[in-house]
Amino acid sequence: MNKLYVDSFVEKKIKRGIQLLDGKDFHQLDLDNQLVALYNHSRQFLGTAYLSRQNKGIGWFLGNGKVDLIESYFESLFSKAKQKRQHFENSDLTTAYRLFNQDGDNFGGVTIDRYADFVVFSWYNTFVYQYRDIIVKAFQKVYPAVKGGYEKIRFKGLDYESAHIYGQEAPETFTILENGVKYSVFMNDGLMTGIFLDQHEVRDALINELGLGKRVLNMFSYTAAFSVAAAMGGAIETTSVDLAKRSRELSQAHFEANGLDVTNHHFVVMDVFEYFKYAKRKNLTFDLIVIDPPSFARNKKQTFSVAKDYHCLISQALEVLSDDGTIIASTNAANLTVAQFKKQLEKGFASVKHEYIRLQQLPSDFTVNKADMSSNYLKVFTIKVEK
């Protein structure tokens, strides 16, 4: 195992509990895709890490001692992660949730999500992908009841994004339960599965509290999971807007899974900013507007970045929000702190009176590394607007 000497700044971060190794902290590093022993400049052993460049960082710290990436090591990790999620395992109302969440469960570079009888492994870098056979074997020992597994490749370099890797193959589409609501999902069609599991507490609020009697506008709706939750919570009308043509059929599948009549539920394939203009022209108003954009998006006319442009979404939403309406403003941008996100929102609200009702971040199955707030990437504000 190669030795890697780190400066005092990196040493302090590691001792604070941060596991993600930031490329900006390492200069002219020629090591990659390997385990390394970390030492400080006084030649004291700090622990074991692995190096592998990925979208976020250049590797992960694994622990203070010597680490052997053998089956029993991963079995131990998965057993501890399973214990944290016992209440999900025992639930009759939720069958889809995260089983393993990177540094929140002490091993960065892989996540594992459960969808009823099937699981999805997401590999975030080349190094962890090389250990996938050992990781999958260890997982099967801890979760013998899972019928089959799939993988998603979230790093560049391979010629496929998704594959079946063990056990039974799932039906092309099937339903999972979340908070008693059915959602139609798919395991082996690109990187997506039909639902973002990290939002299940937000959907729960729409079912049990926020949806009743409301006209709901769901922007960047993907498969309209927020709209289905609102409808199940008694929304009288929903409008789901997304630029992807396929969003319409995927959204309708969720509604059909719950036996919902779609007469008052509309699916619009359109750019969100264009829809805001259209709704204003038609004098449409909504009691509740959900805004959950990608961190970065580009179309023919413009680029959108949460960090710079979110305020535009708020200011345009206000123009079609009914009096005393509610906005749910969401982002999964890890590079944005809660305070920075709130600053964007404030810029959008300008002088309009509003009250922050709650902030929701990652749910308990998406365990976070409490020493590293960037691991708690989800930020969802529910805001009451006085107009």
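The mean of 1/r over all pairs of different alpha-carbon atoms in the range 197-301, once inverted, gives a Kirkwood hydrodynamic radius of 13.8 Å. The separation of the range 214-260 from the range 1-47, counted between C-alpha centres, amounts to 46 Å.
Estimated translational diffusion coefficient (Stokes-Einstein, Kirkwood radius over Cα pairs, 20 °C, 1.002 mPa s) of the chain: 96 µm² per second.
For the chain, the longest principal axis of the alpha carbon atoms and the long axis of helix 247-257 meet at an angle near 80°.
Each 10 Å bin from zero holds the following percent of Cα-Cα pairs in the range 147-189: 26, 43, 27, 5.
If you add up the charges near Val290, with Lys and Arg at +1 and Asp and Glu at -1, over every other residue whose beta carbon is less than 13 angstrom from its beta carbon, what do you get? Don't skip to the answer; put the middle values down first.
Working: positive: Arg203, Lys214, Arg215; negative: Asp242, Asp287, Asp292.
Spelling it out: positives minus negatives among the neighbours equals 0.
Electrostatic tally near Met187: other residues with Cβ closer than 14 Å to its Cβ, Lys and Arg +1, Asp and Glu -1, net -4. Give me the net charge for the shell around Thr223: Cβ to Cβ below 11 angstrom, other residues only, Lys and Arg +1, Asp and Glu -1. Result for the neighbourhood of Thr223: 0. Angle of helix 338-349 to the longest C-alpha principal axis of the chain, folded into 0 to 90 degrees and rounded to 10: 20°. Between Ser221 and Val241, Asp242, the built amide H atoms are under 5 Å apart, and every one of these is 5 or more places off in sequence or on another chain.
Nearest 5 percent is fine: what portion of the DSSP beta bridges confined to the range 223-366 is antiparallel? Restricted to the range 223-366, the bridges split so that about 25 percent are antiparallel.
First compute the accessible area of the chain with a 1.4 Å probe, then give the percent of it belonging to carbon and sulfur atoms. Before the final figure, lay out each step's value.
Working: 8630 of 17820 Å².
For the chain, the apolar C and S fraction of the accessible surface comes to 48 percent.
Its alpha carbons considered, the range 2-63 gives a radius of gyration followed by a Dmax of 10.4, 31 Å.
Simple spin-label estimate for Glu256 and Lys156 gives 3.8 nm between the two label positions (7 Å along the Cα-to-Cβ direction from each Cα). Placing a label point 7 Å from the Cα of Lys141 along the Cα-to-Cβ direction, the residues of the range 78-94 whose backbone N falls under 18 Å of that point are 78-83. For the chain, the relative contact order comes to 12 percent (Cα pairs under 8 Å, sequence separation of at least 6). Computed with the Debye formula from one identical point scatterer per Cα of the range 33-171, without solvent, the log10 of I(q)/I(0) at q = 0.09, 0.10, 0.16, 0.17 Å⁻¹ comes to -0.29, -0.35, -0.86, -0.95.
Quick check on the range 2-63: of the DSSP beta bridges with both residues there, what percent are antiparallel, nearest 5%? If you can, show how the numbers build up before the last one.
Details: 12 of 16 bridges.
Counting only bridges with both partners in the range 2-63, antiparallel ones make up about 75 percent.
With 18 Å as the limit on Cα-Cα distance, the pairs of Lys80/Lys141; Lys15/Lys80; Lys24/Lys379; Lys347/Lys384; Lys56/Lys301 that go past it are Lys15/Lys80; Lys24/Lys379; Lys56/Lys301.
Taking Cα pairs under 8 Å and at least six residues apart, what relative contact order does the range 71-172 come out at, in percent? The value is 23 percent. The relative contact order of the range 1-159, computed from alpha carbon pairs under 8 Å that lie at least 6 residues apart in sequence, is 18 percent. The Cα atoms of the range 196-385 define a convex hull whose projected area, averaged across directions, is 10.6 nm².
Calculate, for Gln302 and Leu212, the FRET efficiency according to 1/(1 + (r/R0)^6) with r their C-beta to C-beta distance and R0 45 Å; round to the nearest 0.05. Here the calculated transfer efficiency is 0.80. Along its three principal directions, the equivalent ellipsoid of the range 103-230 from the Cα gyration tensor extends over semi-axes of 30, 16, 14 Å, largest first. Taking amide H positions as modeled 1.01 Å from N, with prolines and chain starts lacking one, the residues under 5 Å from Glu178 and 5 or more places away or on another chain are Thr95, Tyr183. Counting only DSSP beta bridges whose two residues both lie in the chain, roughly 65 percent are antiparallel. Counting only residues at least eight positions apart within a chain, or on another chain, the aspartates and glutamates with an alpha carbon under 13 Å from that of Lys182 are Asp92, Asp204, Glu256.
The values are calculated or read from the model by the stated rules, or taken from the named source; none is laboratory data. Values in this document were obtained by computation on a predicted structure and should not be read as measured data. A quick note on method: Cβ atoms are made from the backbone with ideal geometry, for glycine too, and the neighbour counts reach across all protein chains shown. Ligands, DNA and RNA are excluded from the accessible area calculation, which covers all protein heavy atoms including side chains. Shrake-Rupley method; radii C 1.70, N 1.55, O 1.52, S 1.80 Å.
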